[in-house]
Amino acid sequence: MAGQEAVIVTRNLTKQYGSITAVQDLNLEIQAGEVFGLLGPNGAGKTTTILMLLGLTEPTGGQALVHGLDATRHPLEVKRIVGYLPDNVGFYDDLTARENLLYTASLNQIPASLARQRLEAALAEVGLADAADRRVREFSRGMRQRLGIADVILKDPTIIILDEPTLGIDPQGVQELLDLILRLARERGKTILISSHLLHQVQQICDRVGIFVGGRLIAVGPVALLGQQVMAGKPLEIELQAEPDNDDLLAVLEALPGVATVERRGAFMRVGCAAGVDVRRELAPYLAGKGFTLLYLRARGYDLDDIYRQYFQGEGYHGALAG
């Protein structure tokens, strides 16, 4: 569980490049042990924010604090306690995974004996122990990302920042990486900031998310709470699949008390409830009694894709976040 101490704090953090404002008046607190997702489309200002947190670019205004350290004034101290995985991690392709990590350890002035001990543990933790002596040129992107995380945890940072960590990885590799990130937070107590535009993936592991568009943080909180805020006062809308999926299904759904509207949307039935009514508990037994089997059900408006659409419909951002 996330702790109570805020280990990353930004106060009116702003970055301008000439007439372009990349980040505007960002006020954010991330707690110790928390997995926080910074979500937004490409060009939203996520990477610029990360670079200011790391002291790699100087803000135009405001302040970024990491464990109480001003990232602009104390960049070296910040880098000692933060591990960073960029969106395109680089390794020496002609070196093995082990050799790459030993080189990183030497750059971080980790004593050789401790480096070897940490190296073996890190490779095992990310599932690359059997590939330790393979040259990195043979690695898939998913393996490179896992090696990148091993590279990060080799220095045993208290905070880990990951910029688009799942980009370009196959579904199995994504799940393995997300499981690994969650273990680092839950079992190792790491504070993790993930920057991503892939909503569904991040939703699985984040304690809270911040939705970032046009350099501004528009909404922040647990996904469930954001969904409640978006849907407050609106009639519940349910998406479902059932079998047999025939013409009778629509009529059966329309006859359920509390249902206001029913329409077919592609492979799904869209059920609109009357104001203040929730028929989800009744649906499965009701359909079973009519000879149908409920296969899939979700309340629309409560996942990140829906939340994103609701927040930004009026700002020219329609649909899910694009790559």
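What follows draws every value from the coordinates through simple rules; no lab data is involved. Because the structure is predicted, anything quoted here is derived from the model rather than measured. With ideal geometry, Cβ positions are generated from the backbone for all residues, glycine too; neighbour counts draw on all protein chains shown.
Assorted remarks:
- Label-point separation in nm, ALA255 to ARG216, each point 7 Å along Cα→Cβ: 5.1
- Estimated FRET transfer efficiency (GLU138, GLU5; beta-carbon r; R0 41 Å; 0.05): 0.45
- Taking a quarter of the surface of the Cα convex hull of the range 145-195 gives a mean projected area of 3.2 nm².
- DSSP-loop trypsin sites (Lys or Arg not before Pro) across the range 13-73, with at most 13 other Cβ within 10 angstrom: ARG73
- Equivalent-ellipsoid semi-axes of the range 229-304, from the Cα gyration tensor, Å, largest first: 20, 13, 11
- The angle between the Cα long axis of helix 141-153 and the longest principal axis of the Cα atoms of the chain comes to about 60 degrees, rounded to the nearest 10.
- For the chain, the longest principal axis of the C-alpha atoms and the axis of helix 112-125 are separated by about 10°.
- Note on LYS190: aspartates and glutamates with a C-alpha under 17 Å away, same-chain residues under 8 apart excluded, are GLU5, GLU29, GLU34, GLU125, ASP151, ASP156, ASP163, ASP179, ASP207.
- Residue exposure sequence - THR21, THR10 - by fewest surrounding Cβ within 10 Å: THR21, THR10
- The ASN12 and LEU182 beta-carbon pair, evaluated with R₀ = 41 Å, returns a calculated FRET efficiency of approximately 0.80.
- The distance between label points at ARG270 and ILE20 comes to 3.6 nm (points 7 Å beyond Cα on the Cα→Cβ vector).
- With the simple spin-label model, which puts each label point 7 Å out from Cα in the Cβ direction, the ARG280 to GLN117 separation comes to 4.9 nm.
- For the range 23-128, applying the loop criterion from DSSP together with a ceiling of 14 other beta carbons within 10 Å to the GluC sites (Glu not before Pro) yields no site.
- Global dimensions of the range 156-281 from alpha-carbon coordinates: Rg and Dmax equal 19.7, 60 Å.
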